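Inspection log for the structure reproduced underneath, given as structure tokens.
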Amino acid sequence: MSDRTVAVLSGGLTHERDVSLRSGRRLSNALRTVGLTVDEWDTDGSLLTRLSTLKPDAVVIALHGGEGENGSIQTVLEMLGQPFVGTDSHACRRAWDKPTAKAELSRSGLLTPDWVVLSHSTFRELGAQAVLDAMVSRLGLPLMLKPDQGGSALGAQVVRDASELPAAMVNCLAYGETVLAEEYITGIEVAITVIDTPDGPIALPAVEIEPKSGVYDYTARYTAGLTNFFTPARVSPEVASRVADLAVSAHKLLGLRDVSRTDAVIADDGSIYFLEVNVSPGLTETSLLPMATEAAGRSLGQIYAELIDRAIERA
């Protein structure tokens, strides 16, 4: 393994650039501890030249948002025949678009909060207040607003009163042209990492998320001390097994590969709802995948080194 060179891609030009750089830095350090030679590359106009001239044995994508998760970078790597860790471009596109992922999993029998998807132009052309009134009539209150694409909860907001809707909608539309409005499910929020192994995908211990503000938004995610985390989640073995089954099912049904993280909520009545899935989970000091890895008795470097081996074997 020590003679292998790995390029970790991070940065980019999305709203999540800073988080991505932190993820890339932590992953690079973890891979060096298991003997790999690691180059950290910001994803910019020099990427194709670097790939062609330096020819790393494998690439690991630590990009968040935009091109790092919507299949664009993956398409470029596939065109070049470059081995990489992560989901292929076609499945990335399915997972990246939250309504598409929800619809596919709902058709397969998994629970997900009821939802509607509305574009900015719909509000402009039909009248914002009339559309908002119809949304509340359909989904009730409270509800969750989020961009239909994107990560790190950017633009996401819980709306508990109809008077909050216009401002929340403006905030959401600042991060995309289309809004996903969901029925808000109260309960225990959990995140479940799934890792591919030679025997198939397995779920690591679920991380229970308890934001002190009550909402796991961008600030709560990346500011130390604003959220309490419990790994494994404080649930019964039976519920933990059902949560793991949900995440593995989402991973398989969406055609994901190597690593994914499913976000879900355990409702007060015990039902488990799929919220969304991430094909490039965060790896920062407050991110959930490293917590799950530690709870499983594994190191970040070990797990990703094994995924690198698999990526090279695929090629």
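The values are calculated or read from the model by the stated rules, or taken from the named source; none is laboratory data. This structure is a prediction, so every number in the text was calculated from the model and none was measured. Cβ sites come from the backbone with ideal geometry, for glycine too, and all protein chains shown count toward neighbours. Note: accessible area is taken over every heavy atom of the protein model, side chains too, but ligands, DNA and RNA are not part of it. Shrake-Rupley method; radii C 1.70, N 1.55, O 1.52, S 1.80 Å.
Numbers for the structure displayed
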{"read-out": "Helices (runs of 4 or more DSSP H) contained entirely in the range 74-169, each with at least 3 residues that are outside the structural domain of Asp217 (by the TED database) and free of Cβ contacts under 8 Å to residues at least 12 places away in the same chain", "value": "120-126, 128-139"}
{"read-out": "Residue that is farthest from Pro83 (Cα to Cα) [pool: residues in the range 299-315 that are open to solvent by 40 Å² or more (accessible area, probe 1.4 Å) and touching a strand residue (DSSP E or B) at 6+ places or on another chain (Cβ under 9 Å)]", "value": "Glu306"}
{"read-out": "Residue, farthest from Ser121 (Cα to Cα), within the range 177-191, restricted to residues that are touching a Leu at 6+ places or on another chain (Cβ under 9 Å) and part of a loop (DSSP other than H, G, I, E, B)", "value": "Ile185"}
{"read-out": "Looking only at the range 98-126, and only at residues there that are open to solvent by less than 30 Å² (accessible area, probe 1.4 Å) and small (Gly, Ala, Ser), the one that is nearest to Thr262 (Cα to Cα)", "value": "Ala101"}
{"read-out": "Inter-residue pairs, beta-carbon under 6 Å, first closer than 18 Å to Val85 by Cβ and in the range 189-213, second open to solvent by less than 30 Å² (accessible area, probe 1.4 Å) and part of a loop (DSSP other than H, G, I, E, B), 6+ apart", "value": "Thr193/Leu204; Asp196/Asp258"}
{"read-out": "Selection count, the range 41-74, where residues are open to solvent by 40 Å² or more (accessible area, probe 1.4 Å) and under 21 Å from the mean Cα position of the chain (by Cα)", "value": "3"}
{"read-out": "Of the criteria (1) buried (at least 18 other Cβ atoms within 10 Å of the Cβ); (2) at negative phi, which one Glu183 fails", "value": "(1)"}
{"read-out": "Index of the failed condition, Leu132 passing every other in (1) crowded, with 16+ Cβ neighbours inside 10 Å; (2) at positive phi; (3) over 24 Å from the mean Cα position of the chain (by Cα)", "value": "(2)"}
{"read-out": "Sole residue being more than 25 Å from Leu9 (Cβ to Cβ) and not in a helix (DSSP H, G or I), chosen from Glu208, Glu276", "value": "Glu208"}
{"read-out": "Extreme residue, surrounded by the most Cβ atoms within 10 Å (Cβ to Cβ), among residues of the range 216-273 that are among the acidic types (Asp, Glu) and within 18 Å of Glu182 (Cβ to Cβ)", "value": "Asp263"}
{"read-out": "Test: residue in the range 26-36 that is without any contact (Cβ under 8 Å) to a residue 40 or more places away in the chain and within 16 Å of the chain's Cα centre (by Cα)", "value": "no"}
{"read-out": "Condition met for Leu9 (assigned to a helix (DSSP H, G or I), modelled with pLDDT of 95 or more and open to solvent by less than 10 Å² (accessible area, probe 1.4 Å))", "value": "no"}
{"read-out": "Which numbered condition Cys172 misses (of (1) open to solvent by 20 Å² or more (accessible area, probe 1.4 Å); (2) under 19 Å from the mean Cα position of the chain (by Cα))", "value": "(1)"}
